1. Please identify which residues in the stretch 76-109 have an amide N closer than 19 Å to a label point set 7 Å out from the Cα of I236, following the Cα→Cβ vector.
2. As a quick test, which of the pairs K251/K313; K251/K322; K238/K322; K106/K238 have an alpha carbon distance above 31 angstrom in this structure?
3. Using 0.36 nm times the number of residues separating K106 and A196, minus their current alpha carbon distance, what extension gain do you get?
4. Name the most mobile residue of I98, I45, I221, meaning the one with the largest mean-square fluctuation, in a Gaussian network model of the chain with Cα contacts below 10 Å.
5. Towards the positive end of the charge dipole of the chain, with charges on Cβ (+1 Lys, Arg; -1 Asp, Glu), say which of L142, L299, L66 has the farthest Cα.
6. Once Rh for the stretch 186-323 is found with the Kirkwood sum over Cα pairs, what is the Stokes-Einstein diffusion coefficient at 10 °C and 1.306 mPa s, in µm²/s?
7. So if I place +1 on the C-beta of Lys and Arg and -1 on the C-beta of Asp and Glu, and nothing else carries charge, what would the dipole magnitude of the stretch 186-323 be about its Cα centre? I want it in debye, nearest 20.
8. Is the C-alpha gyration tensor of the stretch 33-168 telling us rounded, prolate or oblate? Criteria: a/c under 1.5 is rounded; beyond that, a/b larger than b/c is prolate, otherwise oblate.
Amino acid sequence: MKKRVIAVLLLVAAAVAVALAEGEGDGDLVAELVKMQEQSAGGVIHLDDASLQRYAARAKSRSYSLFIFFDAVQMRDNAELRLQDMRAEFQLMASSFIQSNPGLTKLFFCDLEFKESQASFVLMGVNSLPHIRLVGPGNANLKDSPAMDMSRGGTAESMAAFVEGQTGLRVGEIERPSPVSKKQLLFVGGVVLVAAPYVVKRLLTQQTPFHDPKLWLAFSIFVYFFSVSGAMYNIIRKMPLFMADRNDPSKLVFFYQGSGMQLGAEGFAVGFLYTVVGLVLAFVTHFLVYVRSQNMQRLLMLLAMALSYWAVKRVISLDNWKTGYAIHGFWPSA
């Protein structure tokens, strides 16, 4: 009986010692994370393979969570991934949480870079970007930690909603920096006050650039060119003006054969030809009618018709080459 009591006491003492040791180790880890958080930009701690093992592998003793943003320097130029924008939103959310919860050591914000931490990417099963994951105290297996659904958007608000839903911690109000500083506002205000009398005088006498017909004429031509050149398509699809030739990378391709894709240079070329036709038509209807000499009128009309015919023919030939569909004229039969 005494032996059993002694054995139980020894087991209890060992458990208490282990708990104290683990608690002390967790306190050391928290202190290190707090120090790194204070030294990092925006409160986001940069981790690598070794530091992830140190701060995330001890799942049984951790009392904190790690909210990790997975990054890759070589993929930041990919506009579709928006890694830089999401990284900025992640840092904004981290700084807002730290300001709203001073002294709270239950959640730390970290990032991992692919080249430095390839083993961590494999360990956590991350095979695509963007990717954000929350490693909580109960996640003994890092691969089983919950990942944020990126289809919800990569904004700081959506990240905050994910954190609050998983941890129960309140992130607080997301404080976005103002796009205009106070000094800039004061400078703009001073310029407006100084220029106000001059601007009002010009408006009353109708001597502003907006009262110049030439400005509206140039703006109308620009709108016409913008409409017929497919510029909006290039902006929405983010199409390049040209691309490297796949067979010879030293050469550039400005016209892509095939209706599945249109380069920016193609749209600008066709838009220029359409604009030429439009300007010729405007010249004929607004200026040619005031020419008194009939011979000069006929000569200019023939030149205008020839120029319009050349421009339209170039557009049709380019369309035939690109799509493979031939367009030709015909004479009606009797």
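None of the figures in this text is laboratory data; all of them are computed from the coordinates on show. Given the structure is predicted, the values throughout are model-derived calculations rather than measurements. Every residue, glycine among them, receives a Cβ derived from its backbone with ideal geometry; neighbour counts consider all protein chains shown.
1. 80
2. Working: K251/K313 27 Å; K251/K322 19 Å; K238/K322 20 Å; K106/K238 42 Å.
As for pairs spanning more than 31 Å Cα to Cα, those are K106/K238.
3. Numbers: separation 90, 0.36 × 90 = 32.40 nm, distance 5.48 nm.
Length gained between K106 and A196: 26.9 nm.
4. Between I98, I45, I221, it is I221 that shows the largest mean-square fluctuation.
5. L299
6. Working: Rh = 19.1 Å.
The estimated diffusion coefficient comes to 83 µm²/s.
7. Details: 12 positive and 5 negative charges, 44 e Å.
Rounded to the nearest 20 debye, it is 220 debye.
8. Numbers: a/c = 1.37, a/b = 1.12, b/c = 1.23.
Cα axes put the stretch 33-168 in the rounded bin.
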